[in-house]
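Inspection log for the structure reproduced underneath, given as structure tokens.
The values are calculated or read from the model by the stated rules, or taken from the named source; none is laboratory data. Fair warning: this is a prediction, and the values are worked out from it, not measured in the lab. So basically every Cβ, Gly included, is an ideal-geometry build from the backbone, and we count neighbours across all protein chains shown.
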Amino acid sequence: MFDTVRLKATGIMNFPIDRFENVERKVYLCDSSETLLSVYFIKGINKLPFIKYQENDNSLEIEVSIPKYLYGENVTLLKQNDIDVFFTQLSEQLYSLCKVNIDKSEWRAKRIDVCWNFQVGNKLTDHMKQLSLKKIPRMNTVTYNQVETVISQNKSKRIQFYDKEKECRDKKCSPEVIGRAWGLIRMEISPPDYEMKEYSTSRQAEKLLTKEFFMFVTRKIIPHLVFQIVNEHGITSNWIMSHSINKIETLIGFCELMQVYGMGGIRGFYKESTLDNRMKLVDILKNNPCLPNLDIDYSLIG
């Protein structure tokens, strides 16, 4: 449901920066008042890789992957009750670290990664190829690493699809996590600021980290994830990988001839027995000419 978030709370007075050992301080000149402002970046905190404290507005900012914070990995999809657990554990950890009480209602969202795992099994390559051909209105599509990653984006919004198992292997996750990631296409959406404000004018994290906001964002994308055919001949990558190059070329060539000359025209090119064999190949395609659409079962969120 959600992965990485960046949250900010203001009005945190007398923040005990001296309690932390690994702190990077940066000083900026405020243009309006011509005063020096200090910003502190706190490093090395368990489960909280990014903590920033800013003196000018006494704000505390954190960036964290919620599933990694709760489960140590981000293959697990969150449910609504996980969000409550996250806020509780975050509040307890911050109080333990710096004796600061921050209620979940005080957090404002600067970034929320909305995500979902689509289990497509051995059709992953076919789906990724079709996703690379999709044209979402007002967005440009780019691909990386032979369509292992497909990104649709504009200046304010980004939608990413990628092979989750490949990412887990590259990051040397545990065999158990890699096994669970098999066949998963990961979708990650980065809603722009205006979209978050459309749902919550103050970008209140408590209201945005909900099933309702997740549905608000994803229902705009799901209608674009409909697939008519695997390719112009209906041949899947799985079929190609399990047959010889001669059979593949034979089938593609025969399909092209059928499109150009029609069934009546190609009869003169083949002996009857050869034509029967070619038609048996074509019958294979009729069994599964289309890819399943990518859809979300919202009841799984709770």
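Only one of (1) over 30 Å from E165 (Cβ atoms); (2) modelled with pLDDT of 90 or more; (3) outside any loop (DSSP other than H, G, I, E, B) is not met by D82, so which one is it?
(1)
Write out, first by first residue and then by second, each pair whose Cβ atoms fall under 8 Å of each other, whose residues are 6+ apart or on separate chains, and whose first residue, in region 204-226, is closer than 29 Å to M128 by Cβ and charged (D, E, K, R) while the second is crowded, with 17+ Cβ neighbours inside 10 Å and at pLDDT below 95.
K211/M1; K211/I301
Filter the helices (runs of 4 or more DSSP H) completely within region 156-226 down to those with at least 3 residues that are surrounded by fewer than 19 Cβ atoms within 10 Å (Cβ to Cβ).
It comes to 164-170, 175-181, 193-199, 211-218.
Would you point out the residue of region 1-25, among those that are surrounded by fewer than 15 Cβ atoms within 10 Å (Cβ to Cβ) and more than 18 Å from P49 (Cα to Cα), that is modelled with the highest pLDDT?
Step by step, filter region 1-25, then rank; the result is T10.
Output the residue which, of all residues in region 124-155 that are within 16 Å of the chain's Cα centre (by Cα) and hydroxyl-bearing (S, T, Y), is surrounded by the fewest Cβ atoms within 10 Å (Cβ to Cβ).
Looking at the filtered set, the residue picked out is Y144.
Rundown of residues vs (1) more than 30 Å from E188 (Cα to Cα); (2) not aromatic (F, W, Y), yes/no style:
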| site | (1), (2) |
| --- | --- |
| T4 | no, yes |
| G11 | yes, yes |
| R19 | yes, yes |
| N22 | yes, yes |
| V27 | yes, yes |
| E34 | yes, yes |
| Y40 | no, no |
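Cβ-Cβ under 8 Å, sequence separation 6+ or interchain: first residue in region 136-150 and within 14 Å of I221 (Cα to Cα) and part of a loop (DSSP other than H, G, I, E, B), partner modelled with pLDDT of 90 or more and polar (S, T, N, Q). Which pairs?
Taking only residues 6 or more apart or on different chains, the pairs are I136/S152; R138/N154; M139/S152; M139/Q153; M139/N154.
From the list F87, F118, pick out the single residue that is in contact with a helix residue (DSSP H, G or I) (Cβ under 9 Å, 6 or more places away or on another chain), of a type in the set (F, W, Y) and in a helix (DSSP H, G or I).
Just one listed residue meets the conditions, F87.
If K157 meets every condition in (1) over 15 Å from I221 (Cα atoms); (2) in contact (Cβ under 8 Å) with a residue 12 or more places away in the chain; (3) in contact with a Pro (Cβ under 9 Å, 6 or more places away or on another chain) apart from one, which number is that one?
It fails just one condition, (1).
Working only within region 250-274, note down all residues that are closer than 30 Å to L294 by Cα and at pLDDT 75 or above.
The answer is L251, I252, C255, E256.
Quick grid of which residues meet (1) within 30 Å of I301 (Cα to Cα); (2) in contact with a helix residue (DSSP H, G or I) (Cβ under 6 Å, 6 or more places away or on another chain); (3) outside any loop (DSSP other than H, G, I, E, B):
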position	(1), (2), (3)
K8	yes, no, yes
N14	no, no, no
E24	no, no, yes
Y28	no, no, yes
E34	no, no, no
S38	no, no, yes
I51	yes, no, yes
D57	no, no, no
V75	yes, yes, no
